[in-house]
């Protein structure tokens, strides 16, 4: 198994990666922005992606997006193929794309939005902290990417203040003390958020 920075030769996996992201979202029943094979191929070609390969098989993937004229970067499309899940591969890929971000964009704030508890835990251990959406990029192109998510109506109803996703941010200019991730607290916060949003919808 190799976790490496994606190169032009890996563009051949773009369609498979796109399908894997879509299928994962359907199985989990969570909202997720779609990534077309063409979009993923672009990220691979410009050196802003990390891929896991097992021989000649695709095992996992994640890429970098740049926002706010380089002030922010986000890690998107984190996916592990079904046969390679529950082996710690997502953490390796996330660490790889995190290091790539720090190398290519050393002064940029790194952020992400996710509903996945596993991704929250990985981010937390890397030094991210949960933040309000107002602390993330205000680049309209980033938020436009949420339009294909089934929860997009929640985001628009709250005027982009909150959604079922949790915003997380790593600021390279601030030292972050590493803390143990608390699943129970995070689950409670998630349920509270869902209850508030569902109440607003009614």
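Coordinate-derived values only; no laboratory data. Here the structure is a predicted model, which means the values were calculated and not measured. Cβ coordinates were reconstructed from backbone atoms using ideal geometry, including for glycine residues, and neighbour counts include every protein chain displayed.
List of remarks:
- Put in order of Cβ neighbour count within 10 Å, fewest first, the listed residues 22, 153 become 153, 22.
- Nitroxide proxy distance, nm - points 7 Å out along Cα→Cβ at residue 8 and residue 157: 4.8
- Pair-distance profile P(r), taking every C-alpha pair of region 16-89, with 5 angstrom steps and integer %: 3, 15, 25, 25, 19, 9, 3, 1
- Modelled label reach - residue 103, point 7 Å along Cα→Cβ, region 1-24 residues with backbone N closer than 19 Å: 1-11
- Rounded FRET efficiency, nearest 0.05, which uses the C-beta distance separating residue 46 from residue 23 and R0 of 30 Å: 0.70
- Model label sites at residue 15 and residue 129, defined 7 Å from Cα along the beta-carbon direction, differ in position by 4.6 nm.
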